[in-house]
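See below for the structure under consideration.
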Amino acid sequence: MAICTVYTTQSLNSTCSIYTPAKTHLGFNQKHVVFYSSSKKTSRRAANGVITCSAGDSQTVVIGLAADSGCGKSTFMRRLTSVFGGAAEPPKGGNPDSNTLISDTTTVICLDDYHSLDRTGRKEKGVTALDPRANDFDLMYEQVKALKDGIAVEKPIYNHVTGLLDPPELIKPPKILVIEGLHPMFDERVRDLLDFSIYLDISNEVKFAWKIQRDMAERGHSLESIKASIEARKPDFDAYIDPQKQHADAVIEVLPTQLIPDDNEGKVLRVKLIMKEGVKYFSPVYLFDEGSTISWIPCGRKLTCSYPGIKFFYGPDTYFGHEVSVLEMDGQFDRLDELIYVESHLSNISTKFYGEITQQMLKHADFPGSNNGTGLFQTIIGLKIRDLYEQIITSKAGAPVEAKA
Ligand SMILES: Nc1ncnc2c1ncn2[C@@H]1O[C@H](COP(=O)(O)OP(=O)(O)OP(=O)(O)O)[C@@H](O)[C@H]1O
Ligand SMILES: O=C(CO)[C@H](O)[C@H](O)COP(=O)(O)O
């Protein structure tokens, strides 16, 4: 048994874990680690005093997506995984009620799996799932950190069918890990692990309309029970979920339209994409001229619009004290193929070819929100995440880290 000590001159990344025995790893920002090894190879490397880390080839980029239940996280995830190609599916041969979705590039884990209290436990203690006391943030942090460091974890499963905590499932470190749910930015330690974060901010009126549509039509709930559930969650939503938006790098805010006076149907939406300035590897999208303030009605010869039309807005603003750029779309598209006209006036959209946004939107024309700003901005954020991932990988690959033992 060898006792190995590795000292590094600079912070290591997860790739270094391959040089240490199982269950021992060199974490981010760790400059010194001691471990026991029966492997001659490992101790020779230690004796030689050279460990070369080809940083970048096993980097896991972590994305956080926060929103209340029923606010379009699953729809967003389907758009995001589609940008990377390939279908996202639950782990093969695993628990049929798993909340995880895996594709070639992405693994999406649902933070409901870190509920520490099951449905009965919450009822007994009189707390909602939104309450931090019903969630295990220590485990969430440890497991997201381990995955980011390239180490597989046994993640618990919260079963939404039974309301119980099921036996855990194995999650291997993916290229892109998306943690979606109620609290990805609540715990400071978890928040600091995120390479990019998004908050879906659905106004009460719109949330209510969507919940009714889904829970009445698809889940057989009554109007009264939906109203009661929204009311019961509201205090905890305001206390623990909503404040996370101040930490998000991008916020998609969904509001009732301003194009129809006193609209109460909630079908036409005004959607704002609020993008923080100065975020590493992320440059906000702009309309016509970066940094200007612009109002644009694209309807006319090149874009078919029926009542109430479409209005875009772009400009700088501040959001919780941060400099942001805001892109807004009010109204809905009549013909999705004409979206190319709008796309051609947007810049910094991180597409790989002309018309990629339009192609993505047409591909998923049946997803909710495809004819309005929710679908458009979710698609844009998907492209920006692909770009961010590629930039991170390129920058790590170009910067090999050498560690000395
Ligand atoms: N952009 C949209 N436009 C219109 N309706 C939408 C949009 N996004 C979502 N919805 C409605 O909201 C419902 C919930 O969407 P989705 O399943 O994506 O949300 P979720 O946040 O993943 O929900 P949960 O956390 O409860 O599983 C959909 O069935 C649809 O009715
Ligand atoms: O807010 C939620 C996140 O999706 C759920 O209500 C929470 O996870 C509890 O789930 P269930 O209602 O199935 O017991």
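Determine if the range 22-37 includes at least one residue that is of a type in the set (S, T, N, Q) and modelled with pLDDT of 90 or more.
No - not one qualifying residue is present in the range 22-37.
Could you tell me whether A250 is within 16 Å of ligand 1 (Cβ to nearest atom) and farther than 18 Å from K207 by Cβ?
Yes; evaluated as a whole, the condition is true for this residue.
Being more than 24 Å from E323 (Cα to Cα) and free of Cβ contacts under 8 Å to residues at least 60 places away in the same chain is the filter here; which residues of the range 241-257 pass it?
P256
Looking at (1) surrounded by fewer than 22 Cβ atoms within 10 Å (Cβ to Cβ); (2) more than 16 Å from ligand 2 (Cβ to nearest atom); (3) under 30 Å from K276 (Cβ atoms); (4) not aliphatic (A, V, I, L, M), can you tell me which one E154 breaks?
(3) is the only condition that E154 fails.
Say whether the condition of being under 22 Å from S197 (Cβ atoms), crowded, with 19+ Cβ neighbours inside 10 Å and under 25 Å from the mean Cα position of the chain (by Cα) is met by at least one residue in the range 336-343.
no
Give me the pairs: first residue in the range 227-240 and farther than 14 Å from G70 by Cα and assigned by the TED database to the domain that holds R122, second residue more than 16 Å from ligand 1 (Cβ to nearest atom) and at pLDDT below 90, beta-carbon distance under 7 Å, and six or more apart or on different chains, which are they?
As it stands, the answer is none, since no pair meets every condition given.
Give I198, I151 a once-over and let me know the one that is more than 16 Å from ligand 1 (Cβ to nearest atom) and outside any helix (DSSP H, G or I).
I151
I'd like the residue in the range 111-121 that is part of a helix (DSSP H, G or I) and in contact with an Asp or Glu (Cβ under 8 Å, 6 or more places away or on another chain) and, out of all such residues, is nearest to ligand 1 (Cβ to nearest atom).
Per the criteria, the residue is L111.
Does any residue of the range 143-158 turn out to be under 15 Å from the mean Cα position of the chain (by Cα) and modelled with pLDDT of 95 or more?
Yes, the conditions are met somewhere in the range 143-158.
Which residues, taken from the range 230-241, are out of contact with any Asp or Glu (no Cβ under 8 Å at 6 or more places or on another chain) and surrounded by 16 or more Cβ atoms within 10 Å (Cβ to Cβ)?
Once the filter is applied, which keeps residues that are out of contact with any Asp or Glu (no Cβ under 8 Å at 6 or more places or on another chain) and surrounded by 16 or more Cβ atoms within 10 Å (Cβ to Cβ), the range 230-241 yields only I230.
Across the range 164-177, what is the total count of residues that are in contact (Cβ under 8 Å) with a residue 60 or more places away in the chain and within 15 Å of ligand 2 (Cβ to nearest atom)?
Qualifying residue count for the region: 1.
Return the only residue of F282, F320, F353 being out of contact with any strand residue (DSSP E or B) (no Cβ under 8 Å at 6 or more places or on another chain) and under 20 Å from L388 (Cβ atoms).
Among F282, F320, F353, only F353 is out of contact with any strand residue (DSSP E or B) (no Cβ under 8 Å at 6 or more places or on another chain) and under 20 Å from L388 (Cβ atoms).
Residues to consider are V144, V161, V206; find the one that is under 15 Å from D112 (Cα atoms), touching a residue at least 60 places away in the same chain (Cβ under 8 Å) and more than 16 Å from ligand 2 (Cβ to nearest atom).
Matching residue, one of V144, V161, V206: V144.
Looking at V271, V254, V190, can you tell me which residue is over 16 Å from I381 (Cβ atoms), crowded, with 22+ Cβ neighbours inside 10 Å and of a type in the set (V, I, T)?
Result of the check over V271, V254, V190: V190.
Given H160, H183, which one is within 20 Å of I63 (Cα to Cα) and within 16 Å of ligand 1 (Cβ to nearest atom)?
Checking each option against the conditions leaves just H183.
Pick out the one residue from G321, G291, G278, G309 that is surrounded by 15 or more Cβ atoms within 10 Å (Cβ to Cβ) and of a type outside the set (D, E).
G309
Please return the ranges of strands (runs of 3 or more DSSP E) entirely within the range 242-344 where 3 or more residues are hydrophobic (A, V, I, L, M, F, W, C).
250-256, 269-276, 310-319, 322-331
Considering only the range 354-397, how many residues are buried (at least 22 other Cβ atoms within 10 Å of the Cβ) and either charged (D, E, K, R) or not in a helix (DSSP H, G or I) (or both)?
4
For the list (1) assigned to a strand (DSSP E or B); (2) within 16 Å of ligand 1 (Cβ to nearest atom), I need the number of the one condition that D166 fails.
D166 satisfies all of (1) assigned to a strand (DSSP E or B); (2) within 16 Å of ligand 1 (Cβ to nearest atom) except (2).
The values are calculated or read from the model by the stated rules, or taken from the named source; none is laboratory data. Quick caveat: nothing in here was measured; it's all calculated off a predicted structure. Ideal geometry is used to build each Cβ from the backbone, glycine not excepted, and the neighbour counts take in all protein chains shown.
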